[in-house]
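The values are calculated or read from the model by the stated rules, or taken from the named source; none is laboratory data. None of these values were measured; they are calculated from a predicted model. Cβ: placed from backbone, ideal geometry, glycine included. Neighbour counts: every protein chain shown.
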Amino acid sequence: MPFLKNISSKETDKELVAAFKESGDSNYLSKLYQRYMDLVFGVCLKYFKDAERCKDAVMDIYEELNTKLKQHEVDNFKGWLHVLARNYCLMQLRSPRNMKTTEFSANFMQSEENTHLNSEVLEKESNFIKLEQCLDTLSNEQRQSVQLFYLENKCYNEIAVITGLEWNKVRSYIQNGRRNLKLCMDEKGLEI
């Protein structure tokens, strides 16, 4: 392919970069860039998948390289150039002219009106109502002890202080309340 032509030279990449930065002579940059044009072309081909677009990109990257190489300290030119080419391709793919847009139809938009509720939400609400009804069937001491223990995460000692009941009574009310609550929930077909 005549477009990709490697030119060998005796100078190392570092020497050519230094000579370009020092003199600003684009012949040094041209010599250096021609060593890696096939690399840049390959990177572009990976992203664009169109040979003609890649040829244009190789030339655009050379122009970008002319300004960016003066601004950056480059130790490994080949690696740095690879990253520069990759970033160039990604920026081109992200540009607005390459973005695909889809028009939204009003039929696909969610209405502000809540015309139906999720069945899971309705079922949970129903279960909470039945749970409250079962809590009301417990004695005052059982209900208060169960609510403090399970809903407010209080320990036996804290419940004894709050209610003024003995520790053993609190434990008994919680155990009996839990058993009675389970029986009530089983009757209503619920799991706790």
Within segment 145-192, residues under 41 Å from the mean Cα position of the chain (by Cα) and either more than 21 Å from C134 (Cβ to Cβ) or among the polar types (S, T, N, Q) (or both) come out as Q147, N153, C155
Quick one: which helices (runs of 4 or more DSSP H) sit completely within segment 115-192 and have at least 2 residues that are of a type in the set (D, E) and loosely packed, with under 13 Cβ neighbours inside 10 Å? 119-137, 167-187
Would you be able to tell me the number of residues in segment 24-33 that are small (G, A, S) and at pLDDT 90 or above? 1
So V58, is it in a loop (DSSP other than H, G, I, E, B), modelled with pLDDT of 85 or more, closer than 26 Å to A19 by Cβ and touching a helix residue (DSSP H, G or I) at 6+ places or on another chain (Cβ under 7 Å): no
Residue in segment 107-123 that is under 26 Å from V43 (Cα atoms) and either modelled with pLDDT under 90 or touching a helix residue (DSSP H, G or I) at 6+ places or on another chain (Cβ under 9 Å) (or both) present: no
